[in-house]
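The values are calculated or read from the model by the stated rules, or taken from the named source; none is laboratory data. Just so we're clear, the structure is a prediction, and the values are computed from it rather than from any experiment. Here the Cβ positions follow ideal geometry from the backbone for every residue, glycine too, while neighbour counts run over all protein chains shown. With ligands, DNA and RNA removed, areas are computed over all heavy atoms of the protein, side chains included. Shrake-Rupley method; radii C 1.70, N 1.55, O 1.52, S 1.80 Å.
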Amino acid sequence: MNPLRITVIMKTDISGSTFRFRELLAADLQALLGDHRDFLAHHAAEHDGRIIKAAGDGYWLEFPSVTGAAEAAIKMQEALRLAQLNRGDDRLAIRIVIALGDAAVQDGDFIGDVFALATRIEAVTPPDEIYLTAAARLALTSAEIQTALVDSFALKGYVEPIPVYRIERRHRTRIIADVYILFSDLSGFGRMMDAGPASTAVERILDALDELTRGTTREFGGTVRFNMGDSYCVTFAEAAQAIAWGSA
């Protein structure tokens, strides 16, 4: 066994994956997991991190600093949300735990109490959250990353309650530069809804509108940013694309 050394560990996990993955074909599941691994590896590498081993649909990663790991975790979750703006409750979400402690390599595998602690904290981490151990929180650059105490938890294998912290993200606005923005609205839809509760016919209209809007948007290289009922916000990089979409 190699000597113990202080290590920054990140543990990721896809939330609610068991039910969602059960519906996928084996080839589609493998492709999704492969893409997810590449996604995590890419964002980790930007902060000098690396994947050290798989854990089901999640991964263990190692970083040279807690601040770098926290910045990578924030980017991972933000990028995942932005890539699924129109998926609603069907989107993939990840929970992330960052821990700091002694680790070593034995028989080609990483071992240490820090892994056990991260696993216990993962069990109380909600989707879309980043939780930290007390040691990891103390090693953060507080000017860069803000944290807040979640609670002290009675975790299996630990005599005293363990304090757990979360990363606070105050700024979630993303600037999308130089795009053409279109808003669409179905004429007369408001009067139809005022006439009575939503019917099967109305649902069919909305389904057809959604299919038409998204299909046309893909055809002309645009992006549906959000929709509310019969209204859609769509962006395009070029004016010609926006005009073609509006004329289609």
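Residues that are open to solvent by less than 20 Å² (accessible area, probe 1.4 Å) number at least 2 in the following strands (runs of 3 or more DSSP E) confined to segment 42-154: 58-63, 94-106, 130-133. Does Ala148 satisfy the criteria of being farther than 23 Å from Asp113 by Cα and modelled with pLDDT of 80 or more? Taking the combined requirement at face value, the residue satisfies it. Against the list (1) open to solvent by 100 Å² or more (accessible area, probe 1.4 Å); (2) at pLDDT 75 or above, the condition Asp194 fails is (2). Residues in segment 160-174 that are within 26 Å of Leu80 (Cβ to Cβ) and either surrounded by 10 or more Cβ atoms within 10 Å (Cβ to Cβ) or modelled with pLDDT of 85 or more (or both): 6 in all.
Yes or no: Ala177 of a type outside the set (S, T, N, Q), at pLDDT below 75 and outside any helix (DSSP H, G or I)? Against the criterion (of a type outside the set (S, T, N, Q), at pLDDT below 75 and outside any helix (DSSP H, G or I)), Ala177 qualifies. A Cβ distance below 9 Å, combined with a sequence gap of six or more or placement on separate chains, defines the contacts here; from segment 122-142, residues that are farther than 19 Å from Thr7 by Cα reach residues that are acidic (Asp, Glu) and open to solvent by 40 Å² or more (accessible area, probe 1.4 Å) in the pairs Val124/Asp151. Scanning segment 229-248 for residues that are open to solvent by 50 Å² or more (accessible area, probe 1.4 Å), under 9 Å from Tyr180 (Cα atoms) and either in contact with a helix residue (DSSP H, G or I) (Cβ under 7 Å, 6 or more places away or on another chain) or hydrophobic (A, V, I, L, M, F, W, C) (or both) yields a count of 1.
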